[in-house]
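The values are calculated or read from the model by the stated rules, or taken from the named source; none is laboratory data. All figures in this text were calculated on a predicted structure; none of them were measured in a lab. In this analysis, Cβ positions are derived from the backbone assuming ideal geometry, glycine residues included, and neighbour counts consider all displayed protein chains.
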Amino acid sequence: MLISAIVAISQNNVIGRDGHLPWHLSADLKRFKAITTGHSIVLGRKNYDDIGRPLPNRTNYVLTRNVAFEAPGCIVCNNLSQAIENARAAHETECFIIGGAAVYREAMPLVQKLYVTRVLADVEGDVLFPEWGDGWHKVSEERFEADEKNDYPTTFEVWER
């Protein structure tokens, strides 16, 4: 099973502000849906709280240390390894790490493919994407300009190692 991460990152490495995305990018949301639909996604409890519901047509694994936490329509796991093993046991072909920062940080050593929406701006925020490490190469890149549905210009990038 391929372990991938999908993220939107500003030029100054910001991925969040005050518990939310610090931008509105319709094209990124459509890309996220197209790429992750039909697969497993792994997200932290704070990220789940921000979204407020399971994402449809995906198996949602929510990570939390709170053993009493319930997320209807999701599978609650106490650690990343448990979520990945559950996805593997379900014969998933690709499992997506979708954040937040602590989940990305823990998962990055395992991630083989990165789907990055690069927000071409410096953005204020309080949540940063962790360092990627070495050995990555870009396999594709496509640029999009800002418009009425997208706050900033972006590039959609795919990285592998």
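Annotations for the structure displayed:
- Subset of region 147-161 (residues that are hydrophobic (A, V, I, L, M, F, W, C) and either loosely packed, with under 15 Cβ neighbours inside 10 Å or under 10 Å from Ala27 (Cβ atoms) (or both)): Phe156
- Of all residues in region 37-57 being touching a Lys or Arg at 6+ places or on another chain (Cβ under 9 Å) and touching a residue at least 40 places away in the same chain (Cβ under 8 Å), the one that is surrounded by the fewest Cβ atoms within 10 Å (Cβ to Cβ): His39
- Test: residue in region 20-32 that is farther than 19 Å from Pro130 by Cα, loosely packed, with under 12 Cβ neighbours inside 10 Å and at pLDDT 95 or above: yes
- Matching entry among Asn86, Asn60 (being buried (at least 16 other Cβ atoms within 10 Å of the Cβ) and either within 16 Å of the chain's Cα centre (by Cα) or among the aromatic types (Phe, Trp, Tyr) (or both)): Asn60
- Of Phe129, Phe96, Phe144, all but one fail to be closer than 21 Å to Arg17 by Cα and surrounded by 15 or more Cβ atoms within 10 Å (Cβ to Cβ); the exception is Phe129.
- Test: residue in region 92-100 that is of a type outside the set (S, T, N, Q) and more than 18 Å from Thr59 (Cβ to Cβ): yes
- Residues satisfying the stated conditions in region 23-34, i.e. of a type in the set (A, V, I, L, M) and either within 15 Å of Thr155 (Cα to Cα) or within 11 Å of the chain's Cα centre (by Cα) (or both): Leu25, Ala27, Leu29
- Sole residue being in contact with a Cys (Cβ under 8 Å, 6 or more places away or on another chain) and of a type in the set (A, V, I, L, M, F, W, C), chosen from Leu110, Leu29, Leu63, Leu43: Leu63
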